[in-house]
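Asker: Sharing a structure with you now.
The values are calculated or read from the model by the stated rules, or taken from the named source; none is laboratory data. Keep in mind it's a predicted model, so treat the numbers as computed, not measured. Glycine also receives a Cβ, built like all others from the backbone with ideal geometry; neighbour counts cover every protein chain displayed. We work out accessible area using only protein heavy atoms, side chains counted, and drop any ligands, DNA or RNA first. Shrake-Rupley method; radii C 1.70, N 1.55, O 1.52, S 1.80 Å.
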Amino acid sequence: MNWTITYYSESVQADILALPPGLLARYLRYADRMEIYGPDLGMPHTRAMGEGLFELRLKATEGIARVLYCTMIGKRIMILHQFTKKTKKTPLKELALARRRMKEVKDADTQKT
């Protein structure tokens with residue numbers, strides 16, 4: 001069974017689709033691979049951020065972007081947040097937002113079962 005990619009919200013999906021063409025092309029290529037091979041493509045494409053949070057690392061001529069995601073029950077990948085990277089370290093506020101969203105979706109998923 002393949003993995004399924006879902007989005008935290010329509011605005012998260014719209015933000016990703018609004019990425020510059022080179023970054024969007026990388027996202028779409030890696031997303032296709034994650035659906036086949038699972039959420040861990042390994043460095044330099046994906047990286048575990050701890051506590052169940054992962055980042056998809058996008059790099060193109062337009063710059064660097066990160067897509068933060070987690071895995072859910074039933075081979076689902078939940079895309080939580082994306083941002084354009086401007087500094088060497090991932091900003092704490094971006095991680096905090098993704099972790100808050102991850103907790104929300106995992107709590108809701110647990111209550112369904």
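Asker: Could you check the range 73-113 and list, in sequence order, the residues that are in a strand (DSSP E or B), of a type in the set (A, V, I, L, M, F, W, C) and touching a residue at least 60 places away in the same chain (Cβ under 8 Å)?
Answerer: Result: ILE77, MET78, ILE79, LEU80.
Asker: Is there a residue being within 25 Å of LYS106 (Cα to Cα), touching a helix residue (DSSP H, G or I) at 6+ places or on another chain (Cβ under 7 Å), in a strand (DSSP E or B) and not acidic (Asp, Glu) anywhere in the range 7-17?
Answerer: yes
Asker: Is one or more of the residues making up the range 33-51 in contact with a Pro (Cβ under 9 Å, 6 or more places away or on another chain) and not acidic (Asp, Glu)?
Answerer: yes
Asker: Can you pull out the residues in the range 18-61 that are open to solvent by less than 40 Å² (accessible area, probe 1.4 Å), assigned to a strand (DSSP E or B) and not hydrophobic (A, V, I, L, M, F, W, C)?
Answerer: THR46, GLY50, GLU55
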